[in-house]
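Novice: Input: one structure, supplied below.
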Amino acid sequence: MFNCLERRIKFLEKEIPILEARIKAAPSGKLRIYTHDNYSRWMVLLADGKSQYIKKSEKELVCKLWHKQLDSDSLDLYKRELAILKRDSAAIEKLYASRQKRINRHTNSTLPQDKAVFLPDENWHDIPYHKNPYKQENLTNIGPGGEKMRSKSEVMIAMALAQHNIEYRYECEYPLGCRSVYPDFMIKRPADGEIILWEHFGMWDNEEYLKGAVDKINDYIANGLIPYENFIYSLETESHPTDYSLINDMIETYIL
């Protein structure tokens, strides 16, 4: 089976029981929120169909029920995705393989190649590279290697990579089509030196930001990068921040 599909299936098979365990350990019932004239009331819907009001002092219960709902939604999506991948893996593999042949035909002949990017040197980590010049004043967080980063979540990703002794470049220039982009992380896979790009989307619940993020993902794919193979991405929302264990799982599944 195509490598990216194998990795995705393994990732889903690993995450599904984790989500199931978290849901089982969460408080019973489902969260219901009723809003009237800018006034909200929280209620929990119990298994017997009865509802109970949640006191304002029980905000921790509200948060736990909300995260339970997010986990339940993710579990449903993961199970459906896994079923599709297992059922139609042959067709998907054929689709990706055909597309990759077209990409290879062009990249090996007509498109310019940057050897510093596509053919990493043994001292790749120490070679100077062109960094993203955009709003450098926003680089207010310090990564494990002393580099300045834009967000604490990116620092968390960098720390996880460093703990696995994985080399990376932060916001390094990358040729995409006929222009340059600056992915959050350019990673050198330890097993074969293959370059993997990692984008982290930190405001997935912001409608305007979400549109730009989806456009960026589609742009990477349109230019030959394959999700879960040489391009991975993570996301978070205000109510569901970055989870270190999930980052670690992604590293172990897609990079190591």
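Novice: I need a count of the residues in region 149-171 that are in contact with a His (Cβ under 7 Å, 6 or more places away or on another chain) and assigned to a strand (DSSP E or B).
Specialist: Within region 149-171, residues that are in contact with a His (Cβ under 7 Å, 6 or more places away or on another chain) and assigned to a strand (DSSP E or B) number 1.
Novice: From the list Lys79, Lys68, Lys10, Lys14, which one is closer than 30 Å to Cys172 by Cα, under 21 Å from the mean Cα position of the chain (by Cα) and at pLDDT 75 or above?
Specialist: Lys10
Novice: Go through region 137-190 residue by residue and tally those that are at pLDDT 90 or above and charged (D, E, K, R).
Specialist: Final tally of qualifying residues: 7.
Novice: Please enumerate the residues belonging to region 218-256 that are farther than 16 Å from Ser74 by Cβ, among the aromatic types (Phe, Trp, Tyr) and without any contact (Cβ under 8 Å) to a residue 60 or more places away in the chain.
Specialist: Tyr220, Phe231, listed by residue number.
Novice: Still on this structure, please answer the following. Which residues, taken from region 135-148, are surrounded by 10 or more Cβ atoms within 10 Å (Cβ to Cβ) and assigned to a loop (DSSP other than H, G, I, E, B)?
Specialist: Leu139, Thr140, Gly143, Pro144, Gly145, Glu147
Novice: Here's something else I'd like to know. Restricting to region 212-253, count the residues that are part of a helix (DSSP H, G or I) and touching a Phe, Trp or Tyr at 6+ places or on another chain (Cβ under 6 Å).
Specialist: The total comes to 3.
Novice: Taking the condition of being in contact (Cβ under 8 Å) with a residue 60 or more places away in the chain and assigned to a strand (DSSP E or B), how many residues in region 176-211 meet it?
Specialist: The total comes to 4.
Novice: Taking the condition surrounded by 12 or more Cβ atoms within 10 Å (Cβ to Cβ), touching a Leu at 6+ places or on another chain (Cβ under 9 Å) and either in the same structural domain as Lys86 (by TED's automatic domain parsing) or within 30 Å of Met250 (Cβ to Cβ) (or both), does Glu20 pass?
Specialist: Against the criterion (surrounded by 12 or more Cβ atoms within 10 Å (Cβ to Cβ), touching a Leu at 6+ places or on another chain (Cβ under 9 Å) and either in the same structural domain as Lys86 (by TED's automatic domain parsing) or within 30 Å of Met250 (Cβ to Cβ) (or both)), Glu20 qualifies.
Novice: Mind listing whichever residues of region 27-76 are hydrophobic (A, V, I, L, M, F, W, C) and outside any strand (DSSP E or B)?
Specialist: Leu46, Ala47, Ile54, Leu61, Val62, Cys63, Leu65, Trp66, Leu70, Leu75
So that you can scan it fast, the table gives a plain yes or no per residue for (1) surrounded by fewer than 19 Cβ atoms within 10 Å (Cβ to Cβ); (2) modelled with pLDDT of 85 or more; (3) aromatic (Phe, Trp, Tyr):
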{"site": "Asp192", "(1), (2), (3)": "yes, no, no"}
{"site": "Leu197", "(1), (2), (3)": "no, yes, no"}
{"site": "His200", "(1), (2), (3)": "no, yes, no"}
{"site": "Asp205", "(1), (2), (3)": "yes, no, no"}
{"site": "Ile221", "(1), (2), (3)": "yes, no, no"}
{"site": "Asn230", "(1), (2), (3)": "yes, yes, no"}
{"site": "Ile255", "(1), (2), (3)": "no, yes, no"}
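Novice: Please tell me if Asn141 is of a type outside the set (D, E, K, R) and at positive phi.
Specialist: no
Novice: Provide a single number: the residues in region 135-179 that are over 23 Å from Glu194 (Cβ atoms) and within 16 Å of the chain's Cα centre (by Cα).
Specialist: Selection size over region 135-179: 5.
The values are calculated or read from the model by the stated rules, or taken from the named source; none is laboratory data. These numbers were taken from a predicted model, which means no experiment stands behind them. In this analysis, Cβ positions are derived from the backbone assuming ideal geometry, glycine residues included, and neighbour counts consider all displayed protein chains.
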